[in-house]
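Only the coordinates and a few stated rules stand behind these numbers; no lab work does. Please read all numbers here as calculations on a predicted model, not as lab measurements. So basically every Cβ, Gly included, is an ideal-geometry build from the backbone, and we count neighbours across all protein chains shown.
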Amino acid sequence: MAVILGLVRTNWSGTTGGPGLTQLAIESVTDPHTWNASVAGVVTGAVRTMWNSCAAFLPDNIKLDVSPVVDLYSIADGDLVGSVSAGTVPSQVVGTSTAVFMMAAGLKVNLNTGQIKNGRRVRGSVFLVPAASTAFTTDGLALGTTRSTINGAFNTLMGTLATNNLQLTVWSRPIPDGKKYGPRLGDSTAVTNPDTSEKGAILRGRRD
């Protein structure tokens, strides 16, 4: 297991109810791996490309800004150990749909790993909320074309990372002593199958 992973953050704006935040954990396939400005440029650029491929499902007042700063964390104990910045700030992604939408409703991408650890399936989630009504059928389910396009965007992201000896992961953060299920060291598991759920997602907060 790699010792260090990088968190790539995307800030959502353009809606009421406060800004949103998406965090993607990325680590090296094999150690040692050097995090520097060049690597930060690769990962932030790849994440920006992924979001841009999903822009048709986002309302046109939604703005996504991928931070050029990648914070580096120790997987085992969760400590922030440094940061690196891409040489170029990724350009903003703006939704392109003019269709109606519901502020708290959208899409959910399951980040499947195929692994079971500590008696649970290891799986992460990424939410695209809000999403335009055109992403859904009249019954409120995500269209097949919506799902395939978003799945393709995530697979392209993973392919770009793999070319650079990197992988998208689900980070199971450490649990300190005294907390439920603790103490437990943090762990990370590679994503193998991104799958957009057919059912829509409802968010109660903007940092899910």
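Can you give me the distance in nm between label points at residue 125 and residue 165, each placed 7 Å from the Cα along the Cα-to-Cβ direction?
The modelled label-to-label distance comes out at 3.5 nm.
Quick check on the chain: helices-only [θ] at 222 nm, where DSSP H runs of length 4 and up contribute -39,500 (n - 2.57) each and the sum goes over total residues. Nearest 500, please. Present the calculation step by step, with values, prior to reporting the outcome.
Details: 2 runs with 37 residues, N = 208.
After summing the helix terms and dividing by the residues of the chain, the value is -6000 deg cm²/dmol.
Defining a contact as two alpha carbons under 8 Å apart and six or more residues distant in sequence, what relative contact order in percent does the chain show?
That works out to 26 percent.
As an exercise, use a Förster radius of 30 Å and the Cβ-Cβ distance of residue 100 and residue 69 to find the FRET efficiency, rounded to the nearest 0.05.
0.30
Given 0.36 nm per residue, what is the gain on full extension from residue 117 to residue 30 after removing their alpha carbon distance, in nm?
Separation in residues times 0.36 nm, less the Cα-Cα distance, equals 29.2 nm.
Treating the angle as unsigned and between 0 and 90°, give the value, to the nearest 10°, between the Cα long axis of helix 144-163 and the longest Cα principal axis of the chain.
The two axes meet at around 30 degrees.
Of (1) 13.1; (2) 11.7; (3) 25.7, which one was derived for mean projected area of the Cα convex hull in nm² from the structure shown?
Checking each listed value against the structure points to (2).
Hey, got the dipole for region 4-202? About the Cα centre, +1 on K and R Cβ, -1 on D and E Cβ, debye to the nearest 20?
Around 420 debye, computed over region 4-202.
Report the residues of region 96-115 in range of a label on residue 133: point 7 Å along Cα→C-beta, backbone N strictly under 13 Å from it.
Backbone N within reach: 98-103.
Need the C-alpha centroid separation for region 127-183 versus region 29-88, integer Å.
After rounding, the separation between the Cα centres reads 14 Å.
With unit charges on the beta carbons (Lys and Arg positive, Asp and Glu negative) and the dipole taken about the Cα centre of region 1-159, which residue among 158, 83, 8 sits farthest to the positive side?
The Cα lying farthest towards the positive end belongs to 158.
Which value, in debye to the nearest 20, gives the size of the charge dipole of region 86-208 about its Cα centre, when Lys and Arg are +1 and Asp and Glu are -1 at the Cβ? Present the calculation step by step, with values, prior to reporting the outcome.
On the way: 14 positive and 6 negative charges, 108 e Å.
For this selection, approximately 520 debye.
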